[in-house]
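Heads up: the structure comes next, in structure tokens.
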């Protein structure tokens, strides 16, 4: 199971990021736990400068922008596609 | 560049709809159609260009650079300049602030970035270009950047570190010139391009409504408010007009997309340009929502000092504008 965290203080971009992530996870049928992190202190623990960011299994994979669906499919896909 | 558009708008309003060129309605409609289309084109163009610039100079790189180099004052300018070209999102200001503090970048330099970032942004620049022309746009951008430099420098001199909130102060005490480098992901321009395009359309889509409302109000005022109206009733050139405009503007928050078209009408109808620009800077540069976000990293006292210094600088630049632009 994957742990996905979406880091963002609640702006529009962060919400859109969450939507995209949830959709891709659902469509690919990935076994994942999605968590939205809004606390700034928790966010800063990941050493990022701009939000939104996506963290998969404690690794920051996207920062400062809304991810692309294809990109997410590749980032998440290695489990289900293979 | 936009002659074709003016011609087609003329044709649409005067020929197709058969309105007389003298009526209030046709003037308002002409302004609305022409300006909306022109500004949408400029918005797309500018946001796209800034996207390309940002792909090459991400803010991470600036931070690493500032953290490792002593620049004898130039760092204020660099931070402010980057604030101008970085796409502004109010929710990124806090992470950025902490990232800068963590890298041991002086507080004043961080403030320089924080001041300019909302003030000079891609949406404001596109609207200024469309409504005021390139000369005033350049004056606006340069003064926005200088405003960041000056307020950042003053704030830096005040030694405000004790007024950071507890946890940020701990970060500040532990700050070291970069152990951890924020490396930017290496991707080719081709890989980035679709993303830049998407971003540009996304931003335009999100401000579209504000632009239309702003220009709509502007158009109505254009068509129906007589020349010199505000001047007559507001006595715009009294000495206290500038501070009054700025102090009124600070609690208001509207994004640049909605406010610039309205400002343009103020100017067209007789309010001095400096007063209007100062008002606009107060509206988009400082706001209550921003203050609430900053509360996580700054004590109320620090927010007060920060807002106070920036407000003062905006007021001064308003006077300066009026001096330069009317002579």
Between 0 and 90 degrees, rounded to the nearest ten: what's the tilt of helix B:300-326 against the longest Cα principal axis of chain B? 40
Hull surface divided by four, with the convex hull built on the Cα atoms of the stretch B:1-152: how many nm²? 10.7
Test of understanding: ordering B:37, B:136 by Cβ neighbours within 10 Å, fewest first, what list do you get? B:37, B:136
Order of B:132, B:113 from fewest to most other C-beta atoms within 10 Å? B:132, B:113
Across peptide A:40-48, what mean number of C-beta atoms from other chains lies inside 10 Å of a residue's C-beta? 5
Would you mind checking the tilt of helix B:122-132 against the longest principal axis of the Cα atoms of chain B, expressed as 0 to 90 degrees and rounded to 10? 30
Can you give me the angle between helix B:256-268 and the longest principal axis of chain B, using Cα atoms only, in degrees from 0 to 90, rounded to the nearest 10? 50
Partner shielding of B:55-62, as the mean number of partner chain Cβ atoms within 10 Å, equals 2
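Equivalent ellipsoid semi-axes for the protein assembly as shown, as square roots of 5 times the alpha carbon gyration tensor eigenvalues: give them largest first, rounded to whole Å.
On the way: eigenvalues 301, 169, 57 Å².
Values for the protein assembly as shown, descending: 39, 29, 17 Å.
For the residues A:51, B:292, what sequence is obtained by ranking on other C-beta atoms within 10 Å, fewest first?
B:292, A:51
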Equivalent ellipsoid dimensions for the stretch A:2-77 as semi-axes, Å, which come from the Cα gyration tensor, largest first: 19, 12, 11
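Computed over the Cα atoms of chain B, what is the ratio Rg over Rh, Rh following Kirkwood? Don't jump to the answer; show the numbers that get you there.
On the way: Rg = 21.2 Å, Rh = 21.0 Å.
My calculation of the ratio gives 1.01.
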Hey, got the average number of other protein chain Cβ atoms within 10 angstrom for residues in B:114-126? 0
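Read-outs throughout are calculated quantities, based only on the coordinates presented, and are distinct from any laboratory measurement. Worth saying up front: this structure is predicted, and the values here are computed from it rather than measured. All Cβ positions, glycine included, derive from the backbone under ideal geometry; neighbour counts span all protein chains shown.
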